1. Which order do you get for A:ARG302, A:ARG247 if you rank them by accessible area with a 1.4 Å probe, largest at the top?
2. Nearest 100 Å² is fine: what is the total accessible surface buried where chains B and A meet, probe 1.4 Å?
3. Would you compute, for the Cα atoms of chain A, the largest minus smallest coordinate along each principal axis and list the three values in descending order, in whole Å?
4. What does the average come to when, for each residue of peptide B:72-79, you count the partner chain Cβ atoms lying within 10 Å of its Cβ?
5. Could you derive backbone 3J(HN,Hα) for the stretch A:107-123 from the dihedral phi with the Karplus parameters 6.51, -1.76 and 1.60 (θ = phi - 60°), listing whole Hz in sequence and x where the residue is Gly or Pro?
6. Could you go through the stretch A:400-410 in sequence order and give the Karplus-derived ³J(HN,Hα) for each residue, using 6.51 cos²θ - 1.76 cosθ + 1.60 with θ = phi - 60°, rounded to whole Hz, and x for Gly and Pro?
7. Can you give the direction-averaged projected area of the convex hull of the alpha-carbon atoms in the stretch A:59-192, in nm²?
8. Just from the alpha-carbon atoms, what are the Rg and Dmax of the stretch A:324-420 in angstroms?
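The values are calculated or read from the model by the stated rules, or taken from the named source; none is laboratory data. Predicted, not measured: the structure shown is a model, and the values here were computed from it. Methodologically, a virtual Cβ is constructed for each residue, glycine included, from the backbone with ideal geometry; neighbour enumeration extends over all protein chains shown. SASA here: full protein model, heavy atoms, side chains in, ligands and nucleic acids out. Shrake-Rupley method; radii C 1.70, N 1.55, O 1.52, S 1.80 Å.
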Amino acid sequence: MKCFSRYLPYIFRPPTTILSSTCHTEADIISTVEFNPSGELLATGDKGGRVVVFQREQETKSEPQRRGEYNVYSTFQSHDPEFDYLKSLEIEEKINKIRWLPQQNAAYFLLSTNDKTVKLWKISERDRRPEGYNLKDEDGRIRDPSTITSLRVPVLQNTDLMVEATARRVFSNAHTYHINSISVNSDLQTYISTDDLRVNLWNLEITDQSFNIVDIKPCNMEDLTEVITAAEFHPQQCNTLAYSSSRGSVRLCDMRKQALCDTHCKFFEEPEDPSTRSFFSEIISSISDIKFSHSGRFLMTRDYLTVKVWDLNMETRPVQTYQVHDYLRGKLCSLYENDCIFDKFECVWNGSDSVIMTGSYNNFFRMFDRNTKKDVTLEASRENSKPRAILKPRKVCVGGKRRKDEVTVDSLDFSKKILHSAWHPQENIIAVAASNNLYIFQDKVT
Amino acid sequence: MFPKGTKRKFSDSGDEPAAGGEDVNQPSSVAVRMLSSYSLQRQSLLDMSLIKLQLCHMLVEPNLCRSVLIANTVRQIQEEMTQDGTWQIMTQALSAANAAAQCSADRLVATEVLCRQTEATQGEQVLKPFPAVGSEGCPAEEEVVVEEEGEGGVTMSTVSPQAPTSYLPGTFGMDPCWEEENGEDEEEDEDSEECGSGSEEGDSDRLVEDSRTAEQVFGTFEIKNPAPSPDPALEELFSDVDASYYDLDTVLTGMQSAPKMGPYDLLESLSSHGPSPLSSSTSCRSDLNELDHIMEIIVGS
């Protein structure tokens, strides 16, 4: 098989530094990555409930080579571990999803969620502070009123830049099951949070009330055979949302139709291929992520072995199907045994919707060019990432004869999985999370 | 955690079958070999699924998506086994062997197997209700569960039928001690790791937590026999509570607060079961007596 060396219009280079935490603990594992709409900020959430926001360096004429590197901008503890006393169960602080709101003023806003609670965080800069109070001195201690002999007007003095994050809203107690996705509406006033069985609609200003718009919980829980795995608002149509299920189907709903969107407008499901049917068919058809294209015309779904692109106007089958790691098809039993078959991979579009990217095992991630139909496998690892060097395409050997540099299926490391990644909304910059490491790759200077 | 007993002999005797068939030693024809290999694979998949459902327990709520997918897989296997008649054979064998409980053929297999605890008292080989629960202690639990059924019936009906199917081979006259299929050493290792320190739990604890375990794990399973309505007083008490995970245990335990049973309790109880199937029967009997006693107290007879 041919080894592609360069066929995508981008060649990705590793950054000078790979961002990772110094001590690798379970809590440092990155659980979500998201660029903000302008691409200036990149947020990561981890299993320990922390959010780290990176900001892109402004390009300066003096250092043109340092073309927009990302440095830490703000770090804060978004969620803490909780205990549900009624069920005697812990609520993990792991950040499941982060979604940015478009910037409307000097501050940045993002939504972050764990299994049960969504929070709206405001990240703002402070580079001035008032000094010269009358009633308290510079340290904040209250001054003895008898010592005050004159009045002065406090003035704003410049200080070092401080970035502070404050929780502006806490949206809680609306989900019985684990929240798997949040999505901000294009109206910028509402958003949805989705758990295994329900989708709730919130107003960003109102925290004590949410509307349930999708509910697939059966009357008898023993009849439950399908759960919701992801949901997203349409990027332009504020009334349209889509949600995916564990059975491999996607339903498009129009909120104008009725208050409870249990009946869908469109139902996307590809008929099963009987020749590949096995006991694992249902599990591998479970959709782990859905993403609307930026144009709003297409919808991408990720199941265990493939990525599918659907045209919203055609429900019968996807317009494109890409095999991510079909060589795993013969290993499904082992992957079931070690639970890897339940891994939820995400998928992303590039800014122009021409390339899609998703992760795999062994720290590999895959990109598919929808126009040229070419694909590449790249690896996010320290050993293979020399700064400024071009990322070398990787290859998994499926046949008997292994060529040099090829990796055999049996030697794949299934503990190294790339579940989360993000693509800059305009440029060819990608962020790839490999356990506790964040890799940011940029294409070469054009 | 799982007894390293003799391997299950499905259709042939003597050989240790492995999934995917090292069936080179078997003298039968290719077709039979393939069929038995497939059946073994299917059985092993079923066992694996049941273990996964059992071990879904962490201190955090189990992942519903994963549970549903595994449950669907088990259901699928069950359907297929029903279609090719394997299921019927097993249920019939079980119901024939069962004297204690009145189980009809199309009842969930779990119930039959659980009812089989009476054989344990006669010193016969013991079938365990849940693969992950381990060996010796199980018969006691079986008995308990049966008695509970007499009381409220909820237990039996909500216990998944799929749970004991791993013991179905036992009905074919093979070693009824639950064994691991083909090279599931990884699983055994994994489970023994998870067992952690095996402190002995009180039998009542084990009883309670197993019920709760069953409910938690199989809460999403179909129930052929509808659960009789639970105590209305309790129902009222918990009416505003989402019943998905602890409906059963509030009925069973009759306690106001949900029992603080986490996964570690389950794992501890699992680890408290020794590995050898041979010693099972003796400890079973003493456990049985104890649990008998406890059940009487709980049931209030």
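1. The most accessible residue leads, giving A:ARG247, A:ARG302.
2. The summed interface area works out to 3400 Å².
3. Sorted largest first, the three principal extents are 91, 59, 41 Å.
4. Averaged over the peptide's residues, the number is 3.
5. 8, 10, 10, 9, 9, 10, 9, 10, 5, 10, 10, 9, 10, 9, 10, 10, 10
6. Whole-Hz 3J(HN,Hα) from phi for the stretch A:400-410: x, 8, 9, 7, 4, 6, 7, 10, 7, 4, 6.
7. Result: a mean projected hull area of 14.4 nm².
8. Radius of gyration, then largest Cα-Cα span, for the stretch A:324-420: 14.1, 40 Å.
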